[in-house]
Amino acid sequence: MVAEDTAQTRGVGTISTLLSNEGMLLPRDFIRKTLSTYAPDGLSHRFPGANRVRRSALVAIGPNHQHHADGHEKLNAQALGMGGVGLNIYGIKDQWSSFLLHLVVLPNNRLASTIGHVYLDCVKKYGAVCITFIVDKGSETGYIYAHQTGLRETYAPDIDSDQFPPAQHVRSVHNTPIEGLWHWFVTLFGIDIKEVIQQGKVTGIYNPGNPIHPQLFNWIWPQILQHQLDKFVEYWNNHKIRYQSTNTYDSDPSPYLMD
């Protein structure tokens, strides 16, 4: 049975159950010793914490070196459960200063053309293009990659693209400068917003079966949420960042002062 598990994904409990189904009752200690002898790599990979992403210091040479972008879906249609209406969010953040550059509510943050437009809005807003733009590997980032590469190569052709690539795709767990932001948004603003929205359905104010109600939702709530997003951006860019000795850059002032 161990030989059949070429990927070594079966643990002691799984093998014990499979063997008992065939009428073979073996002690767990015996199974564990057998695995440690004939499939030690599998035991190591399944050990609690073995696959945890190792933390490391963030490295950036200065403002606008790296911008990180990501979507937030805790208020989308699936999360709200109100008959298909939802509120999607997309944000862009500077790594070095932690300055929150752009945070907007969208009808769909998984559509490449929409997210490409958000990127261009941010470029127009600040009149600048970062050296490297970092996103996760979602399909919605295609236009961002193309826009960023084209603009960087046009306006900064002297920058070595091998040393400083115009854009990078990374796993979400490595896109922490923006991924970590959502925790603070949910804690400080997001939970209250979600509860207020869902209360409309609980109290009967909102009826998803009424064709007018979804239209009213899509007209009213994006404006309300955008106002809250603007308040969060103002808070974030003025709050004092906790000092971190492992960072390679100053992490004590507010993002506004560092940008």
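The values are calculated or read from the model by the stated rules, or taken from the named source; none is laboratory data. Because the structure is a prediction, the values reported are computed rather than measured. Note: ideal-geometry Cβ built from the backbone for every residue, glycine included; neighbour counts use all protein chains shown.
Does any residue of segment 177-184 turn out to be free of Cβ contacts under 8 Å to residues at least 60 places away in the same chain, closer than 20 Å to HIS65 by Cβ and out of contact with any helix residue (DSSP H, G or I) (no Cβ under 6 Å at 6 or more places or on another chain)?
Looking only at segment 177-184, we keep the residues that are free of Cβ contacts under 8 Å to residues at least 60 places away in the same chain, and these are 180, 183-184.
Then drop every residue that is not closer than 20 Å to HIS65 by Cβ, which leaves 180.
Keeping just the survivors that are out of contact with any helix residue (DSSP H, G or I) (no Cβ under 6 Å at 6 or more places or on another chain) gives 180.
Scanning segment 177-184 turns up at least one residue that is free of Cβ contacts under 8 Å to residues at least 60 places away in the same chain, closer than 20 Å to HIS65 by Cβ and out of contact with any helix residue (DSSP H, G or I) (no Cβ under 6 Å at 6 or more places or on another chain).
Reported count of residues in segment 179-200, each being of a type in the set (D, E, K, R) and surrounded by fewer than 16 Cβ atoms within 10 Å (Cβ to Cβ), is 2.
Only one entry in ASN238, ASN175, ASN207 is in contact with a Lys or Arg (Cβ under 9 Å, 6 or more places away or on another chain), at pLDDT 90 or above and not aliphatic (A, V, I, L, M), namely ASN207. Where helices (runs of 4 or more DSSP H) sit wholly within segment 1-77, those with at least 1 residues that are farther than 30 Å from THR114 by Cβ, modelled with pLDDT under 85 and among the basic types (Lys, Arg) occupy 28-38, 40-46.
With respect to being among the hydrophobic types (A, V, I, L, M, F, W, C) and farther than 15 Å from VAL129 by Cβ, ILE159 falls outside the description.
Candidates PRO214, PRO222: the one that is modelled with pLDDT of 95 or more, touching a Gly at 6+ places or on another chain (Cβ under 8 Å) and within 30 Å of ASN76 (Cβ to Cβ) is PRO214. Taken over segment 105-130, the residue count meeting the criterion of being outside any helix (DSSP H, G or I), in contact with a strand residue (DSSP E or B) (Cβ under 9 Å, 6 or more places away or on another chain) and closer than 30 Å to TRP221 by Cα is 6. Of all residue pairs spaced 6 or more apart or on separate chains, those with beta-carbon atoms under 6 Å, a first member in segment 109-122 that is in the same structural domain as ASP70 (by TED's automatic domain parsing) and a second member that is in a loop (DSSP other than H, G, I, E, B) are THR114/ASN108.
Every condition in (1) within 17 Å of the chain's Cα centre (by Cα); (2) surrounded by fewer than 20 Cβ atoms within 10 Å (Cβ to Cβ); (3) in contact (Cβ under 8 Å) with a residue 60 or more places away in the chain holds for MET82 except the one numbered (1). Among the residues of segment 78-104, the ones that are among the β-branched types (Val, Ile, Thr) and in a loop (DSSP other than H, G, I, E, B) come to 1 in all.
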